[in-house]
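The next block holds one structure in the form of structure tokens; read it before the comments.
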Amino acid sequence: MPVEEFVAGWISGALGLVLGHPFDTVKVRLQTQTAYRGIVDCVVKTYRHESLLGFFKGMSFPIASIAVVNSVLFGVYSNTLLALTATSYQDRRAQPPSYTQVFIAGCTGGFLQACCLSPFDLVKVRLQNQTEPRAQLGSPPPRYRGPVHCVASIFREEGPRGLFRGAWALMLRDTPSLGLYFVTYEWLCRQSTPDGQNPSSATVLVAGGFAGIASWMIATPLDVVKSRVQMAGLKQREYRGVLDCMVSSARQEGLGVFCRGLTINSARAFPVNAVTFLTYEYLLHSWG
Ligand SMILES: CN(C)C(=N)NCCC[C@H](N)C(=O)O
């Protein structure tokens, strides 16, 4: 089993993650809190109340976990294609896989990445939702003192299963959206590259960026549900499951609730995924 894809997936994912985390914090807050009137209001309030550091809350765990999560995504994607088509990364431009094969490989990678991502994503969302400024003398401490304290508290208060809160919504979000992610990327690369040749850096950047936007567009409704289920049990109401969360959110706030965070998700998706794909292709190419 080729391991280069796993390593390239890790490094490229880490670069994308640092670039996109501030957008991600604003998105999570808009999806789960009612204190903000929109993106600008959320950015201004976060900055005033918590300084620039507020945008980077909850980043240490994703950084630590990206090695597993993104390498699983890209490694499983590439190795599933190898199993389906018997072509390695190097042969794939000369003998391109069909879009159905790309979709199946993307869904498989997405499903397995969601299984690994679930507890890390939960901790990220809980920490991002803490709006207290950095600890000051006399101010009440935030509920979670950091990622390790957050894991320990969830384990104690909600049991071991609590660490997998939102896992179903995450799998439902990531399986089809990552299938679409890789299909969009492949399609855009093939449209602007002569047969058998490697896409240029500009093509990879644009195709990666739009693949990110396309995948987040279909993923956002389940992203809202996932974030809400993850926050439930803390200060918000408890849901009986994914469907219950969908129905009660729609009843109380209208169907528009499923588009919360769509603009910021798309704005974040372009640079994050342009950088991720460019780094991934560059690394595999130079190791090839
Ligand atoms: C749930 N969806 C839509 C995705 N995971 N899409 C693929 C993009 C992955 C990238 N690390 C990012 O966070 O944008």
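The values are calculated or read from the model by the stated rules, or taken from the named source; none is laboratory data. In this text the structure is predicted, and so the values were computed from the model without any measurement. Ideal geometry is used to build each Cβ from the backbone, glycine not excepted, and the neighbour counts take in all protein chains shown. When the accessible area is computed, the model is the full protein with side chains, heavy atoms only, and any ligands, DNA or RNA have been set aside. Shrake-Rupley method; radii C 1.70, N 1.55, O 1.52, S 1.80 Å.
Condition (residue is farther than 19 Å from residue 110 by Cβ, modelled with pLDDT of 95 or more and either part of a helix (DSSP H, G or I) or in contact with a strand residue (DSSP E or B) (Cβ under 8 Å, 6 or more places away or on another chain) (or both)) applied to the range 207-222: is it met by at least one residue? Within the range 207-222 (the criterion being farther than 19 Å from residue 110 by Cβ, modelled with pLDDT of 95 or more and either part of a helix (DSSP H, G or I) or in contact with a strand residue (DSSP E or B) (Cβ under 8 Å, 6 or more places away or on another chain) (or both)), the answer is no, since none of the residues qualifies. You will find that of 34, 87, the residue that is free of Cβ contacts under 8 Å to residues at least 12 places away in the same chain, over 22 Å from residue 189 (Cα atoms) and either among the hydroxyl-bearing types (Ser, Thr, Tyr) or surrounded by 15 or more Cβ atoms within 10 Å (Cβ to Cβ) (or both) is 34 and no other.
Kindly evaluate residue 217 against the criterion of being without any contact (Cβ under 8 Å) to a residue 60 or more places away in the chain and near the ligand (Cβ under 10 Å from one of its atoms).
yes
Take the conditions (1) open to solvent by less than 20 Å² (accessible area, probe 1.4 Å); (2) farther than 30 Å from residue 88 by Cβ; (3) touching an Asp or Glu at 6+ places or on another chain (Cβ under 9 Å); (4) within 16 Å of the ligand (Cβ to nearest atom); residue 232 misses just one of them, which is (4). Taken over the range 242-288, the criterion of being within 16 Å of the ligand (Cβ to nearest atom), among the hydroxyl-bearing types (Ser, Thr, Tyr) and surrounded by fewer than 20 Cβ atoms within 10 Å (Cβ to Cβ) is satisfied by 263, 266. One residue stands out among those in the range 105-128 that are within 20 Å of residue 281 (Cα to Cα) and open to solvent by less than 10 Å² (accessible area, probe 1.4 Å): the one that is nearest to the chain's Cα centre (by Cα), which is 110.
Just checking, how many residues over the range 18-36 are more than 16 Å from residue 224 (Cβ to Cβ) and part of a helix (DSSP H, G or I)? So the answer is 5. Does residue 227 meet the test of being crowded, with 16+ Cβ neighbours inside 10 Å, part of a helix (DSSP H, G or I), modelled with pLDDT under 95 and within 14 Å of the chain's Cα centre (by Cα)? Against the criterion (crowded, with 16+ Cβ neighbours inside 10 Å, part of a helix (DSSP H, G or I), modelled with pLDDT under 95 and within 14 Å of the chain's Cα centre (by Cα)), residue 227 qualifies. Hey, can you tell me all the residues within the range 148-182 that are of a type in the set (Val, Ile, Thr) and within 12 Å of the ligand (Cβ to nearest atom)? Once the filter is applied, which keeps residues that are of a type in the set (Val, Ile, Thr) and within 12 Å of the ligand (Cβ to nearest atom), the range 148-182 yields only 175.
In the range 94-104, the count of residues that are within 16 Å of the ligand (Cβ to nearest atom), crowded, with 23+ Cβ neighbours inside 10 Å, in contact (Cβ under 8 Å) with a residue 24 or more places away in the chain and in a helix (DSSP H, G or I) is one or more.
Take residue 131 and tell me if it is open to solvent by 20 Å² or more (accessible area, probe 1.4 Å) and touching a Cys at 6+ places or on another chain (Cβ under 9 Å). So residue 131 fails the test. Does residue 82 satisfy being within 16 Å of the ligand (Cβ to nearest atom), in a helix (DSSP H, G or I), closer than 30 Å to residue 189 by Cβ and open to solvent by 20 Å² or more (accessible area, probe 1.4 Å)? No, not satisfied. Only residues that are among the aromatic types (Phe, Trp, Tyr) and farther than 21 Å from residue 150 by Cβ were counted across the range 40-62, and they come to 1.
Residue 188: part of a helix (DSSP H, G or I) and either under 20 Å from the mean Cα position of the chain (by Cα) or within 10 Å of the ligand (Cβ to nearest atom) (or both), yes or no?
No.
Looking across the range 135-158, not a single residue is among the polar types (S, T, N, Q), surrounded by fewer than 15 Cβ atoms within 10 Å (Cβ to Cβ) and at pLDDT 90 or above.
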